[in-house]
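The values are calculated or read from the model by the stated rules, or taken from the named source; none is laboratory data. Just so it is clear, the model here is predicted, and its values are computed rather than measured. All accessible areas refer to the heavy atoms of the entire protein, side chains included, with ligands and DNA or RNA removed. Shrake-Rupley method; radii C 1.70, N 1.55, O 1.52, S 1.80 Å.
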Amino acid sequence: QVQLVESGGGLVQAGGSLRLSCAASGRTFGRYAMGWFRQAPGKERELVAAIDWGGVNTYYTDSVKGRFTISRDNVKNTVYLQMNSLRPEDTAVYYCTAAPRYDEVINGPHDYWGQGTQVTVSA
């Protein structure tokens, strides 16, 4: 079992930065691939970024490439999403997810979800 708790969301002006954190419980955190999804009002939840258990392979959706960076610290059981050059269209609730395999984070099924953290980018 893995429990996920996100933090770091907030209100920021366009062009600003935020760093989201997702703290995971459980001794097997290092065996899970991790990802960040987001869901804006009236829209479907979309994958933003993913990282494999070793931090070697990463994935980014096109709209965040060059602006967002996913990373993990397996000692601290935490995955991060550094978000730079934020835009109003990045406004959403951001969710952390974990799955045993990297391809499952990208394609599903997603075994575990956090409660989400709100990110609001003002114009």
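Quick one: work out Rg over Rh on the C-alpha atoms of the chain, Rh as Kirkwood radius.
That ratio is 0.94, to two decimals.
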>> Quick check: residue separation of residue 67 and residue 46 times 0.36 nm, minus the Cα distance between them. What number comes out in nm?
In response: 5.9 nm
> Which value results when the Cα radius of gyration for the range 1-47 is divided by 2.2 N^0.38 Å?
Replying inline: 1.42
> Given a 1.4 Å probe and every protein chain left where it sits, what share in percent of the accessible area of the chain is carbon and sulfur?
Replying inline: 47
> What's the center-to-center distance, using Cα atoms, between the range 1-34 and the range 59-123 in Å?
Replying inline: 7
> Quick one: Karplus J couplings for the range 54-65, per residue in order, coefficients 6.51, -1.76, 1.60, θ = phi - 60°, nearest Hz, x for Gly and Pro?
Replying inline: x, x, 8, 9, 9, 9, 9, 5, 4, 5, 10, 4
> What residues have an amide H closer than 5 Å to that of residue 48, excluding those fewer than 5 places away on the same chain, when H is modeled at 1.01 Å from N in the peptide plane?
Replying inline: 36, 37, 38
>> Given a 1.4 angstrom probe, what's the average accessible area per residue across the range 17-123, in square angstrom?
In response: 50
